1. Could you please give the count of residues in the range 86-116 that are within 17 Å of the chain's Cα centre (by Cα) and free of Cβ contacts under 8 Å to residues at least 40 places away in the same chain?
2. List the number of the failed condition for residue 257; all other conditions in (1) in contact (Cβ under 8 Å) with a residue 12 or more places away in the chain; (2) over 19 Å from the mean Cα position of the chain (by Cα); (3) not in a helix (DSSP H, G or I) hold.
3. Would you please name the residue that is farthest from residue 30 (Cα to Cα), looking only at residues in the range 54-85 that are over 19 Å from the mean Cα position of the chain (by Cα) and without any contact (Cβ under 8 Å) to a residue 12 or more places away in the chain?
4. Only one of (1) within 12 Å of the ligand (Cβ to nearest atom); (2) over 20 Å from residue 92 (Cα atoms); (3) at pLDDT 95 or above fails for residue 217. Which number is that?
5. From (1) more than 22 Å from residue 179 (Cβ to Cβ); (2) in contact with a helix residue (DSSP H, G or I) (Cβ under 9 Å, 6 or more places away or on another chain); (3) more than 10 Å from the ligand (Cβ to nearest atom), pick out the condition that doesn't hold for residue 161.
6. How about the range 135-158: which of its residues are under 18 Å from the mean Cα position of the chain (by Cα) and within 13 Å of the ligand (Cβ to nearest atom)?
7. Go through the residues of the range 193-200 one by one and say whether even a single one is free of Cβ contacts under 8 Å to residues at least 24 places away in the same chain, within 12 Å of the ligand (Cβ to nearest atom) and not in a loop (DSSP other than H, G, I, E, B).
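The values are calculated or read from the model by the stated rules, or taken from the named source; none is laboratory data. These figures come from a predicted structure and were not determined experimentally. Counting neighbours? That spans all protein chains shown, and the Cβs are built from the backbone with ideal geometry, glycine included.
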Ligand code: NAD
């Protein structure tokens, strides 16, 4: 238990189930005293989040439906938060999606529709979310997005999602520039591979995990709690001078040249 996020109002977008990175972040934030709200996609997900909250004894958490492909749902999310929270200190964007058939084979075969979908849900959504959240953000506020090494380097089968992550990481820098003058920061966490619902869509994901574990300088996989702790740092006042950064939480895997 710590008080790093005491009196902070935080929206977490992207909890789907107990394996979600967003859920690991939520648990860390809850222990740090944050007042939380979640967005969810679909009623089934809402039920699953309610179950998780009950297990974790998380009370008074606001649940808001939000499909990020719909501007009106994003706008409604922040209107609801304005009514309930008045101001917002942080937003965690832990959302990505691509068609399964785009996450195998060669990138050269990416369809126009598959490309647009991955970009819209996984990269543009951060821009739209930031735009609607901005009027509510308190000075010292912070946005955090989740990315992966496949946005910087070629990772087999990651294909269209790698290009979406490159756009997301670049958006983090442009948004950090725009919002910086209002003392609002925008950063990303580049997490090592973790077995989640989204990751299951990537062909041979288990091989990726195995290779990561073998080659990683620390000789192990990362734990989602480690991502949660870095998100805690980025949403707390401890990181008040960190803006436009992508922090790798990957046991040092990204430094390798072999
Ligand atoms: P996850 O499946 O638990 O989370 C993905 C979330 O995106 C889900 O909650 C889903 O409902 C949401 N989503 C998809 N389409 C949406 C839409 N149209 N509107 C609103 N929400 C939508 O998987 P995860 O691995 O926890 O993914 C979270 C983030 O972490 C993603 O950005 C992912 O790319 C990133 N990431 C994952 C890994 C990994 O190995 N799992 C590594 C690095 C980064």
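1. The total comes to 0.
2. Status for residue 257: all satisfied but (1).
3. Filtering first and then ranking leaves 72.
4. Condition not satisfied by residue 217: (1).
5. (3)
6. Those that are under 18 Å from the mean Cα position of the chain (by Cα) and within 13 Å of the ligand (Cβ to nearest atom): 144, 145, 146, 147, 148, 149, 150, 151, 152, 158.
7. Yes: one or more hits.
The rows are residues; the columns are (1) within 16 Å of the ligand (Cβ to nearest atom); (2) part of a helix (DSSP H, G or I); (3) within 16 Å of residue 14 (Cβ to Cβ).
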{"position": "170", "(1), (2), (3)": "yes, yes, no"}
{"position": "177", "(1), (2), (3)": "no, yes, no"}
{"position": "182", "(1), (2), (3)": "no, no, no"}
{"position": "188", "(1), (2), (3)": "yes, no, yes"}
{"position": "202", "(1), (2), (3)": "yes, no, no"}
{"position": "210", "(1), (2), (3)": "yes, yes, no"}
{"position": "231", "(1), (2), (3)": "yes, yes, yes"}
